[in-house]
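Step one of this worksheet: look at the structure below.
The values are calculated or read from the model by the stated rules, or taken from the named source; none is laboratory data. Everything numeric here is computed off the predicted structure, so don't read it as measured data. FYI the Cβ positions are ideal-geometry reconstructions off the backbone, even for glycines, and counts take in every protein chain you see.
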Amino acid sequence: MLSIITLSETFEEECWISVVCCLLLACMYVGSLYVWRGNLPRDHPNTIKRRFTSVLCVSAASPLVVLAWTNSMKVRVSVGCQSASCM
């Protein structure tokens, strides 16, 4: 469970890193759909296979971007419950 205080303290000064990571993931996903140029229509089986492969690669790379973001922002994950309602 993420601590709200920790996240708010982390995001105060370096919010731009979060925005850049979000834009990077979006551009990677959309870019992966258009990286394969060809004369085939978008409904052709080869085009669908290429796009599926591209999206699969971006989906595999996305956790690495999130991991890099959490390391750069020093996000700490608390394991236990710290509020009185959990007891």
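Quick notes
- Pairs are defined by a Cβ separation below 7 Å, a sequence spacing of at least 6 or placement on different chains, a first member in region 40-65 that is without any contact (Cβ under 8 Å) to a residue 24 or more places away in the chain and among the hydrophobic types (A, V, I, L, M, F, W, C), and a second member that is loosely packed, with under 12 Cβ neighbours inside 10 Å and in a helix (DSSP H, G or I); the pairs so defined are Leu40/Asn46.
- Looking only at residues of region 29-51 that are of a type in the set (Phe, Trp, Tyr) and surrounded by 12 or more Cβ atoms within 10 Å (Cβ to Cβ), we find that the one that is modelled with the highest pLDDT is Tyr29.
- Candidates Thr10, Thr70, filtered to the one that is modelled with pLDDT of 75 or more, surrounded by 12 or more Cβ atoms within 10 Å (Cβ to Cβ) and among the polar types (S, T, N, Q): Thr70
- So Val75, is it modelled with pLDDT of 85 or more, closer than 21 Å to Val19 by Cα, out of contact with any Asp or Glu (no Cβ under 7 Å at 6 or more places or on another chain) and β-branched (Val, Ile, Thr): no
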